[in-house]
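First comes the structure, then the notes that go with it.
Read the figures in this text as sums done on the coordinates, not as results from a lab. Computed from a prediction, not measured in an experiment: that's the story for all the values here. Glycine gets a Cβ as well: all are built from the backbone with ideal geometry, and neighbour counts include every protein chain shown.
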Amino acid sequence: MKVSATSLALCVWVAMILAAASGQSAADGTGKPNANIVGTVVKDPNGEPAKKVVIELISDEHSHGANYTAVSGADGTFQIEGIRPGQYRLFVEKTGFLEVEKTHPRPEGRLLALTAGQEMKDIVVHLLPAAIAHGRVTDEDGDPMAGAQVGLLRQTYQSGRRQWETAGTETTNDLGEYRIAGIAPGTYYVAVSPPPNFRAMVEASGTAGSPRAPERQRMSYRTTYYPAALEPDQATPVTFHAGDEFPMDFSLAPQPSFAVRGIVAGIPPNASAVVMLQSGDLGEVFNGAETHKDGSFEMPDVAPGDYALIASVAGNQERLMTKQRVHISSAPVEGLRLSLQPGSVVRGRLSLNASPGKTAVLNQFSVLLVGDDGENEGTRAMILGEGFSSVASVQADGSFEWKDVAPGHYYPQLISGSFTGSEWFLRSGSAGGRDLSDSGFTVGGSPLVMDLVASSRSASVTGIAKNHDGKPVANATIVAVPALRYRKRPDHYTTGTSDQTGHFTLQGVRPGDYTLFAWESLDGEQYFDPDFVKRSEGQGSAMKLAESERKTIELEVVPAENQP
C-alpha cells in the first residue's frame, strides 16, 4: 500500500504524542522508557501546602549527570517527567524553611532509585521553618560594636577528627546589631569575635631596634562565647527548635592580653617573612605580623591560649616555612626563634592491578595528600600555602608529584576519575622500602619517593535497611566502619544511603574486617567519633570481606531515639 508523505508525517506526529503522554520517550537514546515522579510539599506541623518551593533532582551517578528542576504549585504539588533511569538526590529549597525527616534536617537530600518507566506518585516532602538568632553586641560602656563577627559553631567529626564547624555567621552593623537566619534545628555554640585591632597592628609594625616603651599590662577584646565565657569549653550550648527566634545580646569587655615576640631565621636577602598566630581550637587567625629587616617580629594583644605560630616566605624560588606550638598563660612570650625550612618534594609512581576484564587509564586518577598529625584544615592550608594543591594528577606513565610540602605526617589517598568507577582503592604503597599502608609517611625536608599500587578488586555489599518490625527504611545512613586500627583513616570507611525501598549498595570497599551500621539519622560524620561508635557496638553486624567479594545483608536500622 502506498503511503503519502503527509500521512506518514501525521502517523509519526501521533506516535510522538502518544509516547510523550505515556512517559515512554527515551532522551538518552538507549530505548529505555523514562521515569516520572509526582509529589507534594507540606509545612509541618499543620500540613499546610507549600507553594513556590524549588525541587531539584540531582544525579547521584557521575557518569551521566542528568539533573531536573520543578516548582511546587499553590496546592504544594510538583511533577517531573522524562527522567532518565538511575539514582538521584532530591533537594528542596525555600527561603526560611528546611527539609526535615522526623524533625531531623536532611542536608544531603533523599536518595531515589528510579527504574525505566517507573511512576512514583507518593513523594511527600516536609518543611519546617528555620530558626533565627538575633541581637546586639556592645562594648563595656554599652556602645555599639560594629564589625564584630557573630558565629554559630558545632563540634563535629570531619575527616576523622573532632573539629569546630561554622554553621552560620554575620557581621554586626553600625548599631551593633546582627541577624543569623536559616538555622537548622539543633544544638550550637554562639561566639562573638571583636573587629580587628588596627591600632595594635600599626604599633607592632614599628622599626626594629627602636626603643620599646616600658612593658605594661595591655587590655584587648577577646572572642566571647555565649553567655559570657572566654573559653569554648566554658560556653553554654544553645538548642534551637524549628521557628525559634532566639535573642542573644553580648557585652564585650577588655581582658588582659600579652605580646608574642621572636625572630625568624633563614630569611633570604631582600625578602621578609609573614608570621601568623592561629587558634589551636577553632583554626581562626587571631594575629599576624610581617618581620622587620633583622627578622624580628612582635604580636601585641594576644589572649591566653594554645596557638600554632606559622612563618612563611612566599615569592622566593622555593617556598620556606616553619611551625611552632605556643602556649600563652599570664605573661608575654619572649625569645621565640623560628627556623625556616624549604618545602619537600614528594613524588611517586602509580601502577594498576586490575581484575579480569577491567581496564583503566592511569591519567584518569589523582592522589590526595592527607595530613595525619592532628592539624585542623585551616592550619594545614596556611602551612602549605595558598598556591599549594593537595591533589596531584597522575600522568600517563603513572608518575605524580607535589612540591613545597610542609613538614608533617601524611598518607596518600586515591581519587578515581568519573568513568573509571569507584571500585579502585590503594592496595599497597611503599617509600624507601617501608610500607605505607598503615603508618603513612613523614616529610621532613628531604625528597621522598613512593610507589603505589591501585587495585580494582574491591569488595561490595548490597542489602536492605529495615526497622525493628521488618519494614524497609528509606534514607538511612549505611557505614562500613573498619577495624579499630584503621578508625583514624577516613579512606578506610565506606558510606551509602538506602533508597526509597530501603535498598543500599556499598561499592569500592577495601578487603578487611568491618562492622556495618545503619543509622536513621546522623549529625555530620559522627561515625568518626570513637565514643559514638563504641556506644553503638552491638547494634551493627560484623563482616569480613575478601578481594572482589560480593555480599548481601539485612541491617536493622538504629532509630534516632535509640542512638547514643
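How would you order 241-248, 49-56 from highest to lowest mean count of nearby Cβ atoms within 10 Å? Display every interim value, and only then the final one.
Details: 241-248: 14.6, 49-56: 17.2.
Per-residue mean Cβ counts within 10 Å order the peptides as 49-56, 241-248.
How much length, in nm to one decimal, is gained on full extension between Gln79 and Ala253, taken as 0.36 nm per residue of separation minus their Cα-Cα distance? Write out the running numbers ahead of the final one.
On the way: separation 174, 0.36 × 174 = 62.64 nm, distance 5.57 nm.
Length gained between Gln79 and Ala253: 57.1 nm.
Which of the three applies to region 459-562, rounded, prolate or oblate, going by the alpha-carbon gyration tensor with a ≥ b ≥ c and a/c under 1.5 meaning rounded?
Values: a/c = 1.77, a/b = 1.15, b/c = 1.54.
Verdict is oblate for region 459-562.
Going by average Cβ neighbours within 10 Å, how do the peptides 472-485, 535-548 rank, with the highest at the top?
472-485, 535-548
Where the centroid of each part is defined by its Cα atoms, how far is region 489-516 from region 160-186 in Å?
Centre-to-centre (Cα) distance: 33 Å.
Pairs to check: Lys94/Lys471; Lys471/Lys534; Lys52/Lys121; Lys43/Lys94; Lys32/Lys466. Give those whose C-alpha atoms are more than 21 Å from each other in this structure.
Table pairs above 21 Å Cα-Cα are Lys94/Lys471; Lys471/Lys534; Lys32/Lys466.
How far, in nm, would the chain grow between Ala542 and Val453 when pulled straight, counting 0.36 nm per residue and subtracting the alpha carbon separation?
Extra length from Ala542 to Val453 when fully extended: 29.3 nm.
Determine which aspartates and glutamates satisfy two conditions relative to Lys551: a Cα distance under 17 Å, and not lying fewer than 8 residues away in the same chain.
Within reach: Glu423, Asp513.
Can you figure out the FRET efficiency of Gln217 with Ser430, using R₀ = 56 Å and their beta-carbon distance, to the nearest 0.05?
0.50
Going by average Cβ neighbours within 10 Å, how do the peptides 226-237, 141-152 rank, with the highest at the top?
Peptide ranking by packing, descending: 141-152, 226-237.
Considering the Cα trace of region 262-342, what is its radius of gyration and what is Dmax, both in angstroms?
Gyration radius and largest Cα-Cα distance of region 262-342: 12.4, 40 Å.
Suppose the Debye formula is applied to equal point scatterers at every Cα of region 142-181; what is log10 I(q)/I(0) at q = 0.26 Å⁻¹?
So the normalised log intensities are -0.80.
Given H placed 1.01 Å from N in the peptide plane, which residues other than close sequence neighbours of Trp402 have an amide H under 5 Å from its amide H?
Val346, Arg347
Using a basic spin-label model with each label point 7 Å from the Cα along Cα→Cβ, how many nm lie between Asp233 and Asp174?
About 4.3 nm, to one decimal.
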